[in-house]
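Undergrad: Here it is, the structure in full.
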Amino acid sequence: MAAAVNPTSLESAPRIMRLVAECSRSRARAGELRLPHGPVATPVFMPVGTQATMKGITAEQLDALGCRICLGNTYHLGLRPGPELIQKAHGLHGFMNWPHNLLTDSGGFQMVSLVSLSEVTEEGVRFRSPYDGDETLLSPEKSVEIQNALGSDIIMQLDDVVSSTVTGPRVEEAMYRSIRWLDRCIAAHQRPDKQNLFAIIQGGLDADLRATCLEEMTKRDVPGFAIGGLSGGESKGQFWRMVALSTSRLPKDKPRYLMGVGTARFGSALVPTGNLQLKKKQYEKDFRPIDSNCTCPTCQKHSRAFLHALLHSDNTAALHHLTVHNIAYQLQLMSAVRASIVEKRFPDFVRDFMGTMYGDPTLCPTWATEALASVGITLR
């Protein structure tokens, strides 16, 4: 069962989100996060910088693309180079020379990604290091301690994470443990005035367990919430229904972070019609940019033919150029989504986007059609 909330242990959380506009039909929100390292317009795409850097792109380039928040990994940074060294560099911002906001995860996801190296108990998670085999305990208190040392603007609770394809008693156990661990994280948090602790909603694909978790965790006055435990192999239909359930019961005046969603892979360039697999022979003599409407440095300077050649020679510059474009594409897409919400034309934006992506509405995946219909946006 969940631990009882002790009101005396919870300070009133700062309100870090300003709601700018809301779609009257779908409830899609445009907002602004007010964080220590500057405002962040939402909705926003957050690039992942696991070990204090994005793969294939520098912090300066990320800044130039307009990115104002990115993610670091507590588990890996806690092992290498370690919180003590990073703290001496004036925190993770100074260590990676990043002037904008940072979110650090708690290390919980490694329960899934490093499942063969971990053991979960009420105390925490025992890991064998993938680097040297040494055993370490990541408890809720230790996770928060490391994140306090890193100095990130948003920190995440340690949650008990199981794969979204797991069923049975383990899912319920993990959900209730995540609630108890949230209370331990709140109690251990030493910098609530400077770092915003987010709770993580668990419950797998069980609607009743998710509803219970939502009811319990929203009793805690934390600055924001994440929807966790998804995008791990479940069907898209299961995925959107759990997201819809979660968003319907989360506070309207607090930010929501949908964790772990992303599909771009090496060699693939994101475009409005889907993606381009630039290794294919059809791009060998194609001198157009990836996307003629994209303003990123890759599209302004390089052709599909050039990138095709780099990919076939295994040149690491290909990773760099594609990363620049794919991050720019997703940042620009979120900016366009936000503008459509503010300008009260979000349903039309969605229809236009899906029309460009699929052409005929009948070709749109059933799960996407059903998800949109559930919030009042019909494609047909």
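Undergrad: Taking K and R as +1 and D and E as -1, what net charge do the other residues with C-beta under 10 Å from the C-beta of PRO39 add up to?
TA: Numbers: positive: ARG18, ARG34, ARG68; negative: GLU32.
Net charge around PRO39: +2.
Undergrad: Which listed residue (LEU197, ALA211, TRP181) has the Cα farthest towards the positive end of the charge dipole for region 164-212, taking +1 on Lys and Arg C-beta and -1 on Asp and Glu C-beta about the Cα centre?
TA: LEU197
Undergrad: Here's a follow-up. Choose one answer from VAL166, VAL222, VAL324: the residue with the largest mean-square fluctuation in a GNM of the chain with alpha-carbon springs under 10 Å.
TA: Taking springs between Cα atoms under 10 Å, the residue moving most is VAL166.
Undergrad: Modelling each spin label as a point 7 Å along the Cα-to-Cβ direction, I'd like the PHE287/ALA64 distance in nm, to one decimal.
TA: Inter-label distance under the simple model: 2.5 nm.
Undergrad: Okay, moving on. Bins of 5 Å, beginning at zero and ending with the bin holding the largest distance: percent of Cα pairs per bin for region 253-371, please.
TA: Distribution as computed: 2, 10, 17, 20, 18, 14, 10, 6, 2, 0, 0 percent.
Undergrad: Output the relative contact order of the chain, whole-number percent, from Cα pairs under 8 angstrom with separation of 6+ residues. Working shown, then result.
TA: Numbers: 653 pairs, mean separation 63.4, N = 380.
Relative contact order of the chain: 17 percent.
Undergrad: Then there's this: If you stretched the chain out fully between VAL261 and ARG15, how much longer would it get, using 0.36 nm times the residue separation minus the C-alpha to C-alpha distance?
TA: 86.0 nm
Undergrad: Working from the alpha-carbon coordinates of the chain, get Rg over Rh, Rh being the Kirkwood radius. Walk me through the intermediate numbers first.
TA: Working: Rg = 21.2 Å, Rh = 22.0 Å.
Over the Cα atoms of the chain, Rg/Rh equals 0.96.
Undergrad: While we're here: Calculate how many DSSP beta bridges within region 201-321 are antiparallel, expressed in % of all such bridges and rounded to the nearest 5. List each step's numbers first, then the result.
TA: Working: 4 of 8 bridges.
Here the antiparallel bridges make up roughly 50 percent for region 201-321.
Undergrad: Separate question: Which value in deg cm²/dmol, rounded to the nearest 500, describes the helix-derived mean residue ellipticity at 222 nm for the chain, given -39,500 (n - 2.57) per DSSP H run of n ≥ 4 and division by the residue count?
TA: Numbers: 14 runs with 145 residues, N = 380.
My calculation for the chain gives -11500 deg cm²/dmol from helical runs alone.
Undergrad: Just to confirm the number: angle between the C-alpha axis of helix 317-342 and the first principal axis of the chain, 0 to 90 degrees, nearest 10?
TA: 80 degrees
Undergrad: Find out how many positive minus negative residues lie around THR366, taking Lys and Arg as positive, Asp and Glu as negative, among other residues whose Cβ is under 12 Å from that of THR366. Intermediate results must be reported in sequence, preceding the final value.
TA: On the way: positive: LYS236, ARG380; negative: GLU370.
Neighbourhood net charge equals +1.
Undergrad: Roughly how large, in nm² to one decimal, is the mean projection of the convex hull of the alpha-carbon atoms in region 224-314?
TA: Working: hull surface 34.3 nm².
Over all viewing directions, region 224-314 projects a mean Cα-hull area of 8.6 nm².
Undergrad: So what does GLU215 come to for accessible area, using a 1.4 Å probe and Å² rounded to 10?
TA: Accessible area, nearest 10 Å²: 110 Å².
Undergrad: Go through HIS308, HIS320 and list them by solvent-accessible area, largest first, probe radius 1.4 Å.
TA: Details: HIS308 15, HIS320 50 Å².
So the residues, ranked largest to smallest area, are HIS320, HIS308.
Undergrad: Considering the chain, which cysteines have no disulfide-compatible partner, defined as another cysteine with its Cβ under 4.7 Å away?
TA: Cysteines of the chain left without a disulfide-compatible partner: CYS23, CYS67, CYS70, CYS185, CYS213, CYS296, CYS364.
Undergrad: Using Cα-only point scatterers and the Debye equation, what is log10 of I(q)/I(0) for region 210-274 at each q in 0.14, 0.22 Å⁻¹, rounded to two decimals?
TA: -0.52, -0.97
Undergrad: Using a probe radius of 1.4 Å on heavy atoms only, what accessible surface per residue do you get for the chain? Whole Å² is fine. The partial results should precede the final answer.
TA: On the way: 17960 Å² over 380 residues.
Per residue, the chain has an accessible area of 47 Å².
Undergrad: So which of LYS142/LYS194; LYS252/LYS344; LYS55/LYS252 end up more than 23 Å apart by C-alpha?
TA: LYS55/LYS252
Undergrad: Once neighbouring chains are kept in place and the probe is 1.4 Å, which whole percent of the accessible area of the chain is contributed by carbon and sulfur?
TA: On the way: 9480 of 17960 Å².
Carbon and sulfur atoms account for 53 percent of the accessible area of the chain.
Undergrad: Rounded to the nearest 20 debye, what is the charge dipole size of the chain about its Cα centre when +1 sits on each Lys and Arg Cβ and -1 on each Asp and Glu Cβ? The partial results should precede the final answer.
TA: Details: 41 positive and 38 negative charges, 253 e Å.
Taking the Cα centre of the chain as origin, the dipole is about 1220 debye.
The values are calculated or read from the model by the stated rules, or taken from the named source; none is laboratory data. Everything numeric here is computed off the predicted structure, so don't read it as measured data. No Cβ is skipped: glycine too gets one built from the backbone with ideal geometry, and neighbour counts run over all protein chains shown. When the accessible area is computed, the model is the full protein with side chains, heavy atoms only, and any ligands, DNA or RNA have been set aside. Shrake-Rupley method; radii C 1.70, N 1.55, O 1.52, S 1.80 Å.
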